[in-house]
Amino acid sequence: MTVRVPTDKRFRRRTQLRPIKRRRVFTARWRRVFKVSAIFVIVLVVGYGVGAFVLQMPVLSIDQLIVRGNVHLSTDEALSLVDGLHGENIFIADLEQWRNALLASPWVKDATLRTVIPSTIEITISERAPMALGRIDGRLFLIDDEARLIAEYGAEYAHFDLPVIDGLLHQTSNGPEVIDDQRSQLTMRVMNDLKTQPRIVSRVSQIDLSNPSNVVVILDNDEALIYLGVYQFADRLQSYLQMFTALREKVPHIDYVDLRFGDRVYVRPVGLEGDSSGQQ
C-alpha cells in the first residue's frame, strides 16, 4: 500500500532560495559611520582653524595691567614682576604662574588676577603689614606679625614708628642662626596680643625674645626691664602702667619688674645684689 504525502508548497529547495544580501547592510552601516566621521573631522578642522584665528587676534593680546591694593610696594615694582604678561593671549595666559611671581615679593601676602575682555588684566594685591623692626646682626628689618622679613629698614621707611625685636635668631645644631618656628609663633602671639590695645603697643620700645619662656619688654622713657612670661602680654603691661607712679615712689631706679606671678610683683632696684629686691 502506498501512502502519498501532500506536497507543501512552501517548501523550496536550497537552490531555489535567494541569498540574503548581507553585504549591502554591512556597506550601508559603514557608509553612515564614514559620513559621521567625515562631519566630525570637518567640524574639528574648522574649529581648530577658528580657534587658531581667535588666538592670533591682536585685540585679545594683553596690553594693559591694572594694579590695585598696593601701598608700600610701588606699582612699577608690581608691574615688573608680571611684565611677561604683555602680549600674551588673554584666553591662554597662565595667571596662576604670574600670581606666584607676585607672591615672590616679600611685601605681597596674597594676590588675585582677573581677566577683563578683551585685553586687560586686573591685579589686586594684599600686602604684609609691618608690625616691628627685627634686629638681626646689627641691622634692622621690617617684619610682619609672623616674624617674616619684609625689607631692610631704611630712610624710605622712616615713617614707621615700630618697636624693635631682639632675640629672633636661634642657633641651630647645624651651625647657622635662623628664625625658628618657636620664635615665629611667639612673635605672632606677642604682636597680636599687644595690638588689641593700641595705646599700650605705642608705648613699647623694645621686645626681647632671647628666652622664649620669658618675653622682656622695655617701654618708651623707662629704663626698667618688664618680665611678661609667655601670655597676657597686654594685660600685664596695663597693670604695670597702672602701678607705675606708686612703684617709682618706692623705687626711683628700677632694674626689672617681674609680672609673671599674678598678684605678686617682684621689683629689683638698680645696683642691688641678688635676684629680686621687693614685692608689691
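The values are calculated or read from the model by the stated rules, or taken from the named source; none is laboratory data. The structure presented is a predicted model; accordingly, all values stated were derived computationally and were not measured. Here the Cβ positions follow ideal geometry from the backbone for every residue, glycine too, while neighbour counts run over all protein chains shown. Calculation scope for accessible area: heavy atoms of the full protein, side chains included, ligands and nucleic acids excluded. Shrake-Rupley method; radii C 1.70, N 1.55, O 1.52, S 1.80 Å.
A few notes on this one:
- Only Lys, Arg (+1) and Asp, Glu (-1) charged, at Cβ; segment 78-230 dipole about Cα centre in debye: 260 debye
- For segment 99-201, with +1 on Lys and Arg beta carbons and -1 on Asp and Glu, the positive-most of 141, 125, 105 along the dipole: 125
- Assigned charges on the beta-carbon of Lys, Arg, Asp, Glu; segment 150-241 dipole about Cα centre (debye): 360 debye
- Where the alpha-carbon atoms of segment 153-259 are placed on the principal axes, they occupy 49, 34, 25 Å, in descending order.
- Heavy-atom accessible area per residue - segment 80-191, 1.4 Å, Å²: 51 Å²
- With a Förster radius of 35 Å applied to the beta-carbon distance between residue 103 and residue 221, the computed FRET efficiency rounds to 0.30.
- The slack between residue 156 and residue 91, meaning 0.36 nm per residue of separation minus the straight C-alpha distance, is 19.5 nm.
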